[in-house]
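First up is the structure itself, then whatever we jot down about it.
The values are calculated or read from the model by the stated rules, or taken from the named source; none is laboratory data. All values derive from a computational prediction rather than experimental measurement. Cβ: placed from backbone, ideal geometry, glycine included. Neighbour counts: every protein chain shown. Heads up: the accessible areas ignore ligands, DNA and RNA and are worked out on the full protein's heavy atoms, side chains in. Shrake-Rupley method; radii C 1.70, N 1.55, O 1.52, S 1.80 Å.
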Amino acid sequence: MGFACQGNEFSHYMLLSSFLILNRTDSINKYTVYPYVHSFSNVNSRQTILQPISIPDVLPTALPPGSDFSLVAGDFEEIYGVETDPNEPQAGEWNAILTCFFIDTVSILISYPLSFKHSKPKKTVTSRPRI
């Protein structure tokens, strides 16, 4: 059965860096970046700011045969949240949506949760945390 994974990105800068990592990388830890050098928030010491990170830790071209891994360029709502078009190819295709921080890019607060609802299959059980 397996799993499918699809990333979504709108920023041209992020798309360029994703292209480099996913399509032009031929060895593990090929690139060294300093992700903390421009931010002084939550920093314990100067050494923390100058800490290098080597990427990627896994070779993107070493995916197992038959892996369903993709990246889609465009606005999240336009790709996953078009309720008016029943022929939308992403409608009902995803059992889970994971996000870490893109949720703060929404202009109308309710639109992303509606997009989430539209992207999930109609017969999906949703787990809600108990408060």
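Has region 35-43 got any residue that is of a type outside the set (Val, Ile, Thr), within 20 Å of the chain's Cα centre (by Cα), outside any strand (DSSP E or B) and under 19 Å from residue 7 (Cα atoms)?
no
Collect the residues in region 54-89 that are open to solvent by less than 60 Å² (accessible area, probe 1.4 Å), assigned to a loop (DSSP other than H, G, I, E, B) and at pLDDT 85 or above, keeping them in residue-number order.
56, 59, 67
Pick from region 1-36 the residues that are in contact (Cβ under 8 Å) with a residue 40 or more places away in the chain and among the aromatic types (Phe, Trp, Tyr): which of them is nearest to residue 59 (Cα to Cα)?
This residue is 3.
Going through region 2-52 one residue at a time, which ones are aromatic (Phe, Trp, Tyr) and open to solvent by 80 Å² or more (accessible area, probe 1.4 Å)?
Passing the criteria: 3, 10, 13, 19, 34, 36, 40.
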